[in-house]
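Q: To start, I am sharing the structure in question, which I have written as structure tokens.
The values are calculated or read from the model by the stated rules, or taken from the named source; none is laboratory data. This one's a predicted model, so the numbers in the text were calculated from it and none came from an experiment. Counting neighbours? That spans all protein chains shown, and the Cβs are built from the backbone with ideal geometry, glycine included. Accessible surface is based on the protein model in full, side chains and every heavy atom, while ligands, DNA and RNA are left aside. Shrake-Rupley method; radii C 1.70, N 1.55, O 1.52, S 1.80 Å.
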Amino acid sequence: MSTSVESFADLGLSESLLKTLTEIGYETPSPIQAQCIPVLLDGHDILGMAQTGTGKTAAFALPLMETIDIKVAKPQALILTPTRELAIQVAEALQSYAKNLPGFHVLPIYGGQSYTIQLKQLARGAHVIVGTPGRVMDHLERKTLNLDNLKTLVLDEADEMLRMGFIDDVEWILEHTPEQHQTALFSATMPEQIRRVDQKHLVDTNELTMKAA
């Protein structure tokens with residue numbers, strides 16, 4: 001599917017988010033952003049075949065920001081990433097998109113960081129959780145993370161999570177999320193196990209394939 005989207009204003013994003021994008025210097029959407037953002041804003045699930053460097057973080061993060069109710073200080077979005085580095089990077093991106101959204105709180109949780117720090121931050125309340133599968137699973141088992149208010153679930157670099165041996169944890173987490181939510185799965189390749197996750201957990205999937213811009 002080719003696209004001739006010239007600006008983020010063509011994609012259906014809110015004025016406050018468009019203002020933020022201008023302030024942080026975003027000009028033209030990358031192909032994956034032009035494809036994903038309208039589909040996610042419409043509430044559909046996505047299976048995106050995307051390499052690193054395609055701009056996929058903004059492709060899922062910007063529509064996700066539109067769904068957040070700041071008045072509800074509970075996790076409304078969960079983003080699973082294979083590594084702590086990516087969790088921190090995605091959390092920082094979300095924080096920059098929330099420039100004009102006072103009170104927005106995103107929390108990265110990952111192995112190797114103190115539970116005490118994470119428990120304090122979780123108790124304080126966060127709108128978006130970005131985490132590695134093992135640590136997210138730990139918090140769900142301890143009941144220190146509650147996903148009852150979840151609207152959006154993102155699996156970022158799913159094939160990398162599979163390669164690192166996290167796919168069972170990912171499946172377990174998916175089994176412990178509310179039935180009604182939007183799911184976006186991004187992967188550079190589509191091995192059979194990732195296809196099975198899609199078939200089992202995604203509804204009315206829009207499949208998009210993008211190469212690096």
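Q: Looking only at region 137-161, count every residue that is part of a helix (DSSP H, G or I), over 20 Å from LYS120 (Cα atoms) and open to solvent by less than 40 Å² (accessible area, probe 1.4 Å) and tell me the total.
A: Qualifying residue count, region 137-161: 3.
Q: Right, another one. Within region 171-211, track down each residue that is of a type in the set (D, E, K, R), open to solvent by less than 50 Å² (accessible area, probe 1.4 Å) and in contact (Cβ under 8 Å) with a residue 40 or more places away in the chain.
A: Result: ASP198, single match.
Q: What number of residues in region 85-108 are more than 14 Å from ALA58 (Cβ to Cβ) and assigned to a loop (DSSP other than H, G, I, E, B)?
A: Of the residues in region 85-108, 6 are more than 14 Å from ALA58 (Cβ to Cβ) and assigned to a loop (DSSP other than H, G, I, E, B).
Q: Could you check THR177 against (1) within 17 Å of the chain's Cα centre (by Cα); (2) not in a loop (DSSP other than H, G, I, E, B) and say which number it fails?
A: If we test THR177 against (1) within 17 Å of the chain's Cα centre (by Cα); (2) not in a loop (DSSP other than H, G, I, E, B), just (2) comes out false.
Q: Sticking with this structure for a sec: Check THR20, THR116, THR54 and return the single one that is farther than 16 Å from VAL130 by Cα and part of a loop (DSSP other than H, G, I, E, B).
A: Going through THR20, THR116, THR54 in turn, just one is farther than 16 Å from VAL130 by Cα and part of a loop (DSSP other than H, G, I, E, B): THR54.
Q: Further question: What's the number of the only condition in (1) small (Gly, Ala, Ser); (2) assigned to a helix (DSSP H, G or I); (3) in contact (Cβ under 8 Å) with a residue 40 or more places away in the chain that ALA126 fails to meet?
A: (2)
Q: Take the residues in region 59-74 that are β-branched (Val, Ile, Thr) and in a loop (DSSP other than H, G, I, E, B); name whichever of them is surrounded by the most Cβ atoms within 10 Å (Cβ to Cβ).
A: ILE68
Q: Could I ask something else about it? Pairs needed: first member in region 67-86, without any contact (Cβ under 8 Å) to a residue 40 or more places away in the chain; second member anywhere, among the aromatic types (Phe, Trp, Tyr); C-beta distance under 7 Å; at least 6 residues apart or different chains.
A: If the second residue must be among the aromatic types (Phe, Trp, Tyr), no pairs are left.
Matching residues to (1) small (Gly, Ala, Ser); (2) closer than 30 Å to GLU192 by Cα:
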| residue | (1), (2) |
| --- | --- |
| GLY25 | yes, no |
| SER30 | yes, yes |
| ALA34 | yes, yes |
| ILE46 | no, yes |
| MET49 | no, yes |
| GLY53 | yes, yes |
| ARG84 | no, yes |
| GLN95 | no, no |
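Residue-by-condition table, conditions (1) modelled with pLDDT under 95; (2) more than 22 Å from LEU147 (Cα to Cα):
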| residue | (1), (2) |
| --- | --- |
| THR3 | yes, yes |
| GLY25 | yes, yes |
| LYS56 | yes, yes |
| LEU64 | no, no |
| ILE68 | no, no |
| THR81 | no, no |
| GLU85 | no, yes |
| ASN100 | yes, yes |
| VAL106 | no, no |
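Q: Let me ask something additional. Hydrophobic (A, V, I, L, M, F, W, C) and either crowded, with 23+ Cβ neighbours inside 10 Å or touching a strand residue (DSSP E or B) at 6+ places or on another chain (Cβ under 6 Å) (or both), is that true of LEU21?
A: no
Q: Here are some conditions: (1) among the polar types (S, T, N, Q); (2) open to solvent by less than 40 Å² (accessible area, probe 1.4 Å); (3) within 20 Å of THR52 (Cα to Cα). GLN89 meets all but one. Which one does it not meet?
A: Looking at each condition in turn, GLN89 falls short on (2).
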